[in-house]
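Working notes for the structure below.
The values are calculated or read from the model by the stated rules, or taken from the named source; none is laboratory data. Note that this is a predicted model, so its numbers are computed, not measured. Counting neighbours? That spans all protein chains shown, and the Cβs are built from the backbone with ideal geometry, glycine included. Heavy atoms of the whole protein, side chains included, go into the accessibility calculation; ligands, DNA and RNA do not. Shrake-Rupley method; radii C 1.70, N 1.55, O 1.52, S 1.80 Å.
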Amino acid sequence: MNYDVLIIGCGITGAAAAFELSKYQLKVGILERENDVATGTTRANSAILHAGYDPKPGTLMAKLNVRGSALAQTLCKALAVPYQPCGSLVLAFSEEENAIVERLYRQGIENGVPHLTILTGEQARTMEPNLSDRVTAALHAPTAALCLPWTYCLALAETAVRNGVQLHLNTAVTGLEQTGDGWLVHTAQGDAVKARYILNAAGVDAQTVHALAAPHTFTIHPVRGQYDLLDKSEGGRVGRIIFQCPNAMGKGVLVAPTVHGNLIVGPDAIPVSGCDVSVTAEGLDAVRKAAAQSVPSLAFRQSIRNFAGVRAVADTGDFVLEEAAPHFIDLAGICSPGLSAAPAIAEYAVELLKRAGLSLKQKTSFLSSRSHICFHQRSAGERAALVAQNPAYGRVVCRCETVTEGEILDALHSVIPPQSVDGVKRRVNTGMGRCQGGFCSPRVVELLAKAWQQSPQEILQDRAGTWLLACETKGRDTSCTT
């Protein structure tokens, strides 16, 4: 395998870079150590496209946040990614926090964020009646929005693949060796991949990959954030993203709707070692108490799922986007607002490649759009037409989210098909409802087993090694003795 550009990692940063590079006459490859895209920070975050007032003016974060969020609106529409413009409020609860809100306003203006306003507590409660009576002021940013992070990443990666990018899953990088005209990349499978240029988009592991190619220049400090996902019965509690004033550990605990109509609460910020996504009772309790300060009426008994994600915080205080060694470029330290900035980071990466000597020539044809069938969002006439065309669309597999067998089969025959039950979930929303897969999972396992010509015992819940079934306990096989 010989590539002009090789991307290590296929989270939102790697996928956005692949999408941007697929516009050019290049041979581009991606090495992803997991069995799917978007399995790290990208799949477990707040799903927010930030307006851009929070980053310190003059930083890469500030520059790329505003640009990236603007690009995201167009990209999400073209690539059939759920996108919800809703705006955000940053709440103040004291005179001291009023000053923070004013500082964020000034930063936002300097960063080029449009339409920012400072509201009184009464004005904020007029917008969001369920806010605490203690709110003294709020920063309103109408350009903030919500998206579906894993769908955003998948859509970028799928479109890149359709434009010629080669994605290699289950391919961990173990070594980098500099050659006369680029790099020789060694993998855990024993393969050696040649590349003229490398983009290091390895997320939490970006420091480890960097160390294979260049002297130490930055340190990644993984920070875990825990979330509470509430049922759709709580989805209308607020209509905007509700932030508290930021602190040294991040943007604080938020309360926000989701594009699916649920309500999300979180995250906290706990330094961890590696990719520790465990959830603790103490952490969730702290998240709930903090969220209740903003919206006291939250009904946490409606929680349907808890989860955690890890963000890759660099000790530089900014994104690390630079050529660290000849033809080796870091796209590292991509914590918040990384999701917002992703398409702008990709543009910046292309500029870095140009400066490093890569010659770029645009393709004469580029597939810039993507279609996706979401059955329950179609009109009655459109649904009838789909069922007439393919009866599988008439068989509902996930009752909570009204996901049909036809949608699952579409995913299984896509250019980046799912390898697990959670892979299906990320593509079509099975198991995302109130019962969390209790009804639909057996049927999803059956469809996966048939698609991959495997035994149900070989089907994974998510990553490699997460098997669901040990053996057959009813029928002819009586070998299970556990």
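Go through (1) within 30 Å of HIS327 (Cβ to Cβ); (2) among the aliphatic types (A, V, I, L, M); (3) surrounded by 22 or more Cβ atoms within 10 Å (Cβ to Cβ) and name the single condition ALA172 misses.
So the condition that ALA172 fails would be (3).
With the checklist (1) part of a helix (DSSP H, G or I); (2) hydrophobic (A, V, I, L, M, F, W, C); (3) touching a residue at least 40 places away in the same chain (Cβ under 8 Å) in hand, flag the one item VAL387 doesn't pass.
(3)
Give me the residue from region 38-72 that is touching a Ser or Thr at 6+ places or on another chain (Cβ under 6 Å) and in a helix (DSSP H, G or I) and, out of that set, farthest from LEU199 (Cα to Cα).
Here the residue is SER69.
Working only within region 122-139, note down all residues that are without any contact (Cβ under 8 Å) to a residue 24 or more places away in the chain and touching a strand residue (DSSP E or B) at 6+ places or on another chain (Cβ under 8 Å).
GLN123
Here is a check on your reading of the model: is GLU407 in contact with a Cys (Cβ under 9 Å, 6 or more places away or on another chain) and modelled with pLDDT under 95?
no
Per-residue answers, yes or no, for (1) open to solvent by 40 Å² or more (accessible area, probe 1.4 Å); (2) within 20 Å of ALA47 (Cα to Cα):
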| position | (1), (2) |
| --- | --- |
| ALA202 | no, yes |
| THR217 | yes, no |
| ASP228 | no, yes |
| ARG237 | yes, yes |
| PRO257 | no, yes |
| HIS260 | yes, yes |
| ASP276 | yes, yes |
| ALA291 | no, yes |
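One line per residue, one yes/no per condition, for (1) open to solvent by 50 Å² or more (accessible area, probe 1.4 Å); (2) under 26 Å from LEU367 (Cβ atoms); (3) modelled with pLDDT of 95 or more; (4) in contact with a Leu (Cβ under 9 Å, 6 or more places away or on another chain):
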| residue | (1), (2), (3), (4) |
| --- | --- |
| ALA145 | no, yes, yes, yes |
| PRO149 | no, yes, yes, yes |
| LEU156 | no, yes, yes, yes |
| VAL161 | no, yes, yes, yes |
| ASP181 | yes, no, no, no |
| LEU184 | no, no, yes, yes |
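Are any residues in region 73-98 in a loop (DSSP other than H, G, I, E, B), open to solvent by less than 30 Å² (accessible area, probe 1.4 Å) and in contact with a helix residue (DSSP H, G or I) (Cβ under 9 Å, 6 or more places away or on another chain), and if so, which ones?
The answer is LEU79, VAL81, GLY87.
Inspect region 28-37 for any residue being open to solvent by 20 Å² or more (accessible area, probe 1.4 Å), over 25 Å from PRO222 (Cα atoms) and outside any loop (DSSP other than H, G, I, E, B) and give the result as yes or no.
no
Pick from LYS363, LYS354: which is charged (D, E, K, R) and in contact (Cβ under 8 Å) with a residue 12 or more places away in the chain?
LYS363
Pairs under 8 Å by beta carbon, first residue among the acidic types (Asp, Glu) in region 434-461, partner open to solvent by 20 Å² or more (accessible area, probe 1.4 Å), six or more apart or different chains?
Matching pairs, first to second residue: GLU446/PRO456; GLU458/TRP452; GLU458/TRP467.
Quick grid of which residues meet (1) in a strand (DSSP E or B); (2) open to solvent by less than 40 Å² (accessible area, probe 1.4 Å):
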residue	(1), (2)
ASP330	yes, yes
ILE334	no, yes
LEU339	no, yes
PRO343	no, yes
ALA346	no, yes
LYS354	no, no
PHE366	no, no
